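My structure is below; once you've seen it, I'll send some questions.
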Amino acid sequence: LAQACGVRHVITKPVEPEIVLRSVTEALACVVPPASSLVPEEFHGEHLRVLTDKLIKQVDALEQEVERRTRAEEELWRARYELEQRVQERTAELARANAALQQEILQRQQTEEALRASESMYRSLVEQSADGIILTDAQANFLMVNAQACAMSGYSQEELLQMNVCDLLLAEDLA
């Protein structure tokens, strides 16, 4: 459409700085018309210099803007790359931490299962023992007694757990 309207130079996005400069240079070359009778006398000489100076200033401003945008674009790409690197590093760190936590959870579950099995075996040994087994605290209070200890002492488990070793010894001395 632009060419159909007589436009000789079209710049489309994305624009490379070299393309812009080449197009402007070509456009400037076309601004200076050949000396002919179609160009009024007033456009020769000083007027052409003024127009050329204005165009040169605009081209310089355009070059600076293109340069500024190019630098900004490079900085954005660099920042994006750095951000992606940090995201990848952090993701890797989190994956390692997650794997370590999963391993710790598995170990804890295995330890708890082993503890339950050990407690079950211990309880079974104590309850089925032919010997009387009594567990006391530092003050000689009964904490645990098995069925054989109850049978040997003549007291129920509930009664013994309310007693102290001294209570049991005193009861035997009185009997």
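The values are calculated or read from the model by the stated rules, or taken from the named source; none is laboratory data. None of these values were measured; they are calculated from a predicted model. All Cβ positions, even for glycine, are placed from backbone atoms using ideal geometry, and neighbour counts span all protein chains on display. Keep in mind that these areas ignore ligands, DNA and RNA; they rest on the heavy atoms of the full protein, side chains included. Shrake-Rupley method; radii C 1.70, N 1.55, O 1.52, S 1.80 Å.
With Leu174, Leu135 as the choices, which residue is modelled with pLDDT under 95 and open to solvent by 90 Å² or more (accessible area, probe 1.4 Å)?
Numbers: Leu135 fails: open to solvent by 90 Å² or more (accessible area, probe 1.4 Å).
Just one listed residue meets the conditions, Leu174.
Table: residues versus (1) out of contact with any strand residue (DSSP E or B) (no Cβ under 9 Å at 6 or more places or on another chain); (2) modelled with pLDDT of 90 or more; (3) surrounded by 10 or more Cβ atoms within 10 Å (Cβ to Cβ); (4) outside any helix (DSSP H, G or I).
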residue: Ala27; (1), (2), (3), (4): yes, no, yes, no
residue: Leu38; (1), (2), (3), (4): yes, no, no, yes
residue: Lys57; (1), (2), (3), (4): yes, yes, yes, no
residue: Glu65; (1), (2), (3), (4): yes, yes, yes, no
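Let me ask you something else. Does Arg80 satisfy the criteria of being modelled with pLDDT of 95 or more, among the basic types (Lys, Arg), in a helix (DSSP H, G or I) and under 25 Å from the mean Cα position of the chain (by Cα)? It would help to see each step written out before you state the result.
Working: modelled with pLDDT of 95 or more: yes; among the basic types (Lys, Arg): yes; in a helix (DSSP H, G or I): yes; under 25 Å from the mean Cα position of the chain (by Cα): yes.
Yes.
So which residues in the range 146-161 are open to solvent by 40 Å² or more (accessible area, probe 1.4 Å) and part of a loop (DSSP other than H, G, I, E, B)? Show your work before the answer.
Going through the range 146-161, the residues open to solvent by 40 Å² or more (accessible area, probe 1.4 Å) turn out to be 147-148, 151-152, 154-159, 161.
Gly154, Tyr155, Ser156, listed by residue number.
Another question about this same structure. Here is a check on your reading of the model: is Leu143 touching a residue at least 12 places away in the same chain (Cβ under 8 Å), open to solvent by less than 70 Å² (accessible area, probe 1.4 Å) and either part of a helix (DSSP H, G or I) or not β-branched (Val, Ile, Thr) (or both)?
When the stated conditions are applied, Leu143 does not pass them.
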